[in-house]
Amino acid sequence: MNQFGLIDPNIAEIALIGTGGGYGESCVIHLGNNEWMIIDSCRDPITKSILPIEYLKEINVPLENVKLILCTHWHDDHIRGLSKILKECTNADFSFAKANDLKKFLLLISLDYEKINRDSSLSSTLEFTDCLEILKRRNSHPYFASQDRMLWSKEVNAQKCEVFTLTPSDITLQKFDEEISTLISEYGPPNRKIIANTPNSKSVVSFIKFGHHRVLLGADLEISADLNEGWDNILINCKSIDMKASLFKIPHHGSENSYHREIWAKMLSQNPIAALTPWNKKNGLPELQMLQKFQTHTDKLYITSPKVNLKPKKRHRSVEKLIKQLNQKLTEVKFVKGVIQCRIKIDDPNDEWKVSPLYSAMKIDSY
Amino acid sequence: MSNSCTSTNDTEQSSVPIDADILSLDNDYSEFNNGNTGSINDNVANENLDELNEAAISTEELIPVKAQKITEKVKNYIHSTQRIKDNDYFLSIQKWKGVITSISDETFEAQLEDLINSDTYEIGEFELKEVSPGDLELFKMGAAFYWSVGYANNHNQREKKSIIRFQRLPSWTEDELDKASDRRNDLFDFLS
């Protein structure tokens, strides 16, 4: 199959990996010249395999070709398996959003780490702390992601390829310092698990330049009430955006709170490729009205897996019956793997993205 | 499906193979009672024919032996039931570990890990009134609890039950806080 063949060094690739929501998402990126980048991580809850590694193996990419790993969020739910990726990708630099009050942030994750000895299921930052420990052992310093920070720059066939982060803003970092104190007092005790809060203005958005092509990866960023945070800050203050993007990873599962009309008007080209991952919890995301809204902006809308009907987990009949009789509401967070693979020639400004929806991924024609 | 029986009066869980005994007893009883007249049924008679010949035991003499075995089993069962019925117990047939993820006026939601088959996880919605008064102080966002569903035996009356027990862990010890502090300092020195 072509999509699993060796990639041409001149072909840029963005592969968005989804799990159906609840088990994370990840992006695997070919930066050109057989050098790769991974953003976040996700894991199959049944086989425990790390999906970005699995994908790279499927397309015959040796892990030593991974040169950059970006962690957009420190909570385990977003980066499960990331420490294993970092451990196996021995040539990779590591980037994450730094906290201004680093000492306080490290206290939060160090206390969280101590929960291993009491009850490891209550720790939410194990992956992140393990990543830092790996870096320490390697004596490899991380790159701190922030507004307009360049993480990567190389030439591919005389074309510049660069990776920028657009968030978090200075104001977001400042506010996070205040939030850390609250997190320590609320979730520092050994019997409490850190619950990730929204709106998620700390999520790291990346902007990638492949010659004349641009890619905007929206991570989980939502709109903030403060114009100096979130998408408004990017639209108003970011300097590294020089051209409109032709490929957009829609943020936060297409939620209403991550939608900003100006992103489509000012940051994206006409009829761009738009990809998103679903969230199969509660009422589920994306909502139908949001899909319809996206379809007013593009007819090239892709999702890593369809929304599933939320049902209880299958169990022995007598157990199911008892749960029903006790009037307990239970829904299973199903794992559904999907990959949206997008490829384009770096040195051809007129080339268009070739999109291959793999596994459960699909194009949304009508909803 | 695993069944475990917990005596609610004990501090430790103990496994009592009650169902296995009942099953065995039922099998024996139906085998014995097939003829309804107290005489052994044909199948058993045929199976034991060789034994009968060897031991020169008549068919009629086998019946008391069988009856005696069953009587012993019945006595043991009554004895074990007698011992247990003095305690109320809870027979759990499914158990989860949960973490509270949201709280509203009358309900709360939790992320649940199935402790019998922990692959995919579940989201459960519970009513606030399901939280025991003794656990209310622990009822917070991120708090962990165990949730079991099963059958409770209350003075020999069986009823369906759903039980939530919040996890109680002692506060951090000085040693643990020192370790966290050391890790924090090491990482800070490295990163700054």
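The values are calculated or read from the model by the stated rules, or taken from the named source; none is laboratory data. Remember, predicted model here, so these are calculated numbers, not experimental data. Methodologically, a virtual Cβ is constructed for each residue, glycine included, from the backbone with ideal geometry; neighbour enumeration extends over all protein chains shown.
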_What's the number of the only condition in (1) touching a helix residue (DSSP H, G or I) at 6+ places or on another chain (Cβ under 9 Å); (2) without any contact (Cβ under 8 Å) to a residue 60 or more places away in the chain; (3) polar (S, T, N, Q) that A:Ser49 fails to meet?_
(1)
*How many residues are assigned to a strand (DSSP E or B), within 8 Å of another protein chain (Cβ to nearest Cβ) and of a type in the set (Lys, Arg) when one looks only at region B:135-160?*
1
*Residue list for region A:279-303, filter: part of a loop (DSSP other than H, G, I, E, B), touching a helix residue (DSSP H, G or I) at 6+ places or on another chain (Cβ under 7 Å) and modelled with pLDDT of 95 or more*: A:His297
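Which members of region A:316-361 meet the condition of being among the small types (Gly, Ala, Ser) and either part of a strand (DSSP E or B) or over 27 Å from the mean Cα position of the chain (by Cα) (or both)?
First, pick out the residues of region A:316-361 that are among the small types (Gly, Ala, Ser): A:318, A:338, A:356, A:360-361.
If the condition is that a residue be among the small types (Gly, Ala, Ser) and either part of a strand (DSSP E or B) or over 27 Å from the mean Cα position of the chain (by Cα) (or both), then A:Ser318, A:Gly338, A:Ser356 are the ones that fit.
What do you reckon, is A:Lys313 outside any loop (DSSP other than H, G, I, E, B) and either within 14 Å of another protein chain (Cβ to nearest Cβ) or surrounded by fewer than 19 Cβ atoms within 10 Å (Cβ to Cβ) (or both)?
Details: outside any loop (DSSP other than H, G, I, E, B): no; either within 14 Å of another protein chain (Cβ to nearest Cβ) or surrounded by fewer than 19 Cβ atoms within 10 Å (Cβ to Cβ) (or both): yes.
Against the criterion (outside any loop (DSSP other than H, G, I, E, B) and either within 14 Å of another protein chain (Cβ to nearest Cβ) or surrounded by fewer than 19 Cβ atoms within 10 Å (Cβ to Cβ) (or both)), A:Lys313 does not qualify.
Could you tell me whether B:Ser132 is within 18 Å of A:Asn283 (Cα to Cα) and more than 11 Å from every other protein chain (Cβ to nearest Cβ)? I'd like the intermediate steps shown before the answer.
Values: within 18 Å of A:Asn283 (Cα to Cα): no; more than 11 Å from every other protein chain (Cβ to nearest Cβ): yes.
The answer is no for B:Ser132.
Please work out if B:Phe126 is at the interface with chain A (Cβ under 8 Å from one of its Cβ atoms) and part of a strand (DSSP E or B). Give the steps one after another, and end with the answer.
On the way: at the interface with chain A (Cβ under 8 Å from one of its Cβ atoms): yes; part of a strand (DSSP E or B): yes.
Here the answer is yes, as B:Phe126 does meet what is asked.
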_Cβ-Cβ under 6 Å, sequence separation 6+ or interchain: first residue in region A:285-310 and closer than 14 Å to A:Ile250 by Cα, partner at pLDDT 95 or above and of a type in the set (Phe, Trp, Tyr). Which pairs?_
A:His297/A:Trp264; A:Leu301/A:Phe294
_Pair list, Cβ under 7 Å, 6 or more apart: region A:253-269 residue without any contact (Cβ under 8 Å) to a residue 40 or more places away in the chain, other residue in a strand (DSSP E or B) and not small (Gly, Ala, Ser)_ = A:Ser255/A:Leu285
_Go through (1) closer than 21 Å to A:Gly211 by Cα; (2) surrounded by 22 or more Cβ atoms within 10 Å (Cβ to Cβ) for A:Lys239 and report which single condition fails._
(2)
_Considering residues of region A:170-210 that are within 14 Å of chain B (Cβ to nearest Cβ) and hydroxyl-bearing (Ser, Thr, Tyr) only, the residue farthest from the chain's Cα centre (by Cα)_ = A:Ser185
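Which residues, counting only those in region B:93-111, are over 12 Å from A:Gly22 (Cβ atoms), more than 7 Å from every other protein chain (Cβ to nearest Cβ) and either part of a strand (DSSP E or B) or touching a His at 6+ places or on another chain (Cβ under 6 Å) (or both)?
Initial filter on region B:93-111 (over 12 Å from A:Gly22 (Cβ atoms)): B:93-100, B:102-110.
Right, trim to more than 7 Å from every other protein chain (Cβ to nearest Cβ) and you get B:95-96, B:98, B:100, B:102-110.
Passing the criteria: B:Lys95, B:Trp96, B:Gly98, B:Ile100, B:Ser102, B:Ile103, B:Thr107, B:Phe108, B:Glu109, B:Ala110.
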*Taking into account only those residues within region A:38-66 that are buried (at least 23 other Cβ atoms within 10 Å of the Cβ) and charged (D, E, K, R), which is nearest to the other protein chains (Cβ to nearest Cβ)?*
A:Arg43
*asked:* Looking at region A:1-18 only, could you name the residues that are modelled with pLDDT under 95 and β-branched (Val, Ile, Thr)?
replied: A:Ile7
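Which one is nearest to the other protein chains (Cβ to nearest Cβ) among residues in region A:15-37 that are more than 20 Å from A:Tyr302 (Cα to Cα) and assigned to a strand (DSSP E or B)? Spell out the reasoning first.
First, the residues of region A:15-37 that are more than 20 Å from A:Tyr302 (Cα to Cα): A:31-37.
Then keep just the ones that are assigned to a strand (DSSP E or B); that gives A:31-32, A:35-37.
Values: A:Leu31: 25, A:Gly32: 30, A:Glu35: 25, A:Trp36: 25, A:Met37: 22 Å.
Step by step, filter region A:15-37, then rank; the result is A:Met37.
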